[in-house]
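To start, the structure under review is shown below, and the notes come after it.
The values are calculated or read from the model by the stated rules, or taken from the named source; none is laboratory data. For clarity, every value in this text was computed on a predicted model and none was experimentally measured. Counting neighbours? That spans all protein chains shown, and the Cβs are built from the backbone with ideal geometry, glycine included.
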Amino acid sequence: MKKVITYGTFDLLHYGHIRLLERAKALGDWLIVGVTSEDFDKARGKINVTETLSERMEAVKALGIADEVIVEEYEGQKIDDIKRYGVDIFAIGSDWRGKFDYLKEYCEVVYLERTEGISSSELRARDRLRLGLFGNSTNVDKIERESGFVNGLEISGRWSDENEFEKLLESSDAVYLYARPERHYELVKKALLSGCHVLCETPLALKKEDCAELLSLAESTHLVLMEALKTAFSTAYGRLLLLLKSGKIGEIVSVDSSCTSMEDFEGMTPEELKSRFGSIADWGPTGMLPVFQILGTDYEEKRVCSKMHPSGNGLDLFSRIDFIYDSAVASVKVGKGAKSEGELVVSGTKGYAYVPAPWWKTDFFEIRYENPAENQRYFYQLEGEGIRNMLAVFFQAAVHGMRYQAIDARVTEGISSVIGDFYEGKDLRVLGGGK
């Protein structure tokens, strides 16, 4: 029996895919089709595939051409599959000509001429989302740069003056917002009432009830409201959460998260200082994300200790937030004027998870045990600090109605509540007698 194997994403299955599979099948007696997983697609730059892996596999199976359908999950798998299945011929579209010549050492390689007509990329390109950018920060620069990797996402313009916010809404289908936390509620509400989808930096608002109102408004108007917390969309972080929830390190008793980045406030005028974000506003959402996603938001006690800027303008140079739960504790350290190791450590009754600095954009973490020989390392490619995947998810939700909740409402409201309490001085102790 002559075995043939081919691979592809097979998103939005079309006539070109069918013809390729038919011609591949004609080369032998048994056709194996490898459907590429979402994670491997991301590594190859295809980050806004429309259909899920299961949907794409079912579509290929339903054609009745393939004798066997498998999942392609990692670099180098083609060689493993050729050996494992005893493949005689590797077939692929002619647009990959020369790319897979290295496989000739293991089997015959055939490049099939591509069927003239429309491609999946062209089909996806018919969908468009005009994204307006609001704010003046390196965060906005990154959003603008990474948007170029998402098919169909177009930047309609960039604004930073609230007096021109209406212009942004008029020329956009969706908006990305980066503003002072106290302005988020009003701007998000205005955008939603104007019919625009919203991707907003955290916190959405400074009160739990205001967050709930915005989320309810988005749902009632059938619009997408997402927090632009990029860490929540990184593959490594997502896999870490799944492992922890599976009991990999036993019962979790402690979460310690640290996020710092030095900023030179020396010599700044009062007006310049006023425009700066403090540590808890800038880093607080990222630092609290793993705490609330792992332990939940029903803590029994919260305490915040902060070192404030001597100007008395309420700018915290460093803050530590401690949470006490019924059977666990957590600590979050954030700093703009003090430095610490930016790591994440989750302690359990069987072992612990260690994510090295900077943990919020890592591609690697370890599960460690008492016996070092049992330690396990996990690696996942990170593209665009998580922003690229975040934009792809936002696009799919806004254009195709695909809802992927990387951050649920309770976490959103929990983060907003803690930061809002800080601004009101609740559960706050100021170190060194500052204001």
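The lone criterion from (1) under 15 Å from residue 421 (Cα atoms); (2) surrounded by 15 or more Cβ atoms within 10 Å (Cβ to Cβ); (3) without any contact (Cβ under 8 Å) to a residue 40 or more places away in the chain left unmet by residue 325 is number (1).
Under 7 Å between Cβ atoms, at least 6 apart or on separate chains: pull out the pairs that start in the range 78-102 with a residue that is in the same structural domain as residue 22 (by TED's automatic domain parsing) and end on any residue that is assigned to a helix (DSSP H, G or I) and surrounded by fewer than 14 Cβ atoms within 10 Å (Cβ to Cβ). From the range 78-102, no pairs qualify.
Table: residues versus (1) buried (at least 21 other Cβ atoms within 10 Å of the Cβ); (2) in contact (Cβ under 8 Å) with a residue 24 or more places away in the chain; (3) farther than 21 Å from residue 223 by Cβ; (4) among the hydrophobic types (A, V, I, L, M, F, W, C).
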| position | (1), (2), (3), (4) |
| --- | --- |
| 130 | no, yes, no, no |
| 142 | no, yes, yes, no |
| 162 | no, yes, no, no |
| 171 | no, yes, no, no |
| 176 | yes, yes, no, no |
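Restricting attention to the range 169-181, does a residue exist that is at positive phi and not aromatic (Phe, Trp, Tyr)? No, there is no match, as no residue in the range 169-181 is at positive phi and not aromatic (Phe, Trp, Tyr). Scanning the range 217-240 for residues that are in contact with a strand residue (DSSP E or B) (Cβ under 7 Å, 6 or more places away or on another chain) and under 16 Å from residue 397 (Cα atoms), we see that the one that is surrounded by the most Cβ atoms within 10 Å (Cβ to Cβ) is 226. Filtering the range 294-318 down to residues that are at pLDDT 95 or above and not in a strand (DSSP E or B), which residue is farthest from the chain's Cα centre (by Cα)? Result: 300.
Looking across the range 257-276, just one residue is in contact (Cβ under 8 Å) with a residue 12 or more places away in the chain, over 29 Å from the mean Cα position of the chain (by Cα) and within 30 Å of residue 355 (Cα to Cα), and that is 265.
One residue alone among 388, 403, 377 is of a type outside the set (Gly, Ala, Ser), part of a loop (DSSP other than H, G, I, E, B) and either at pLDDT 95 or above or more than 18 Å from residue 284 (Cα to Cα) (or both), and that residue is 403.
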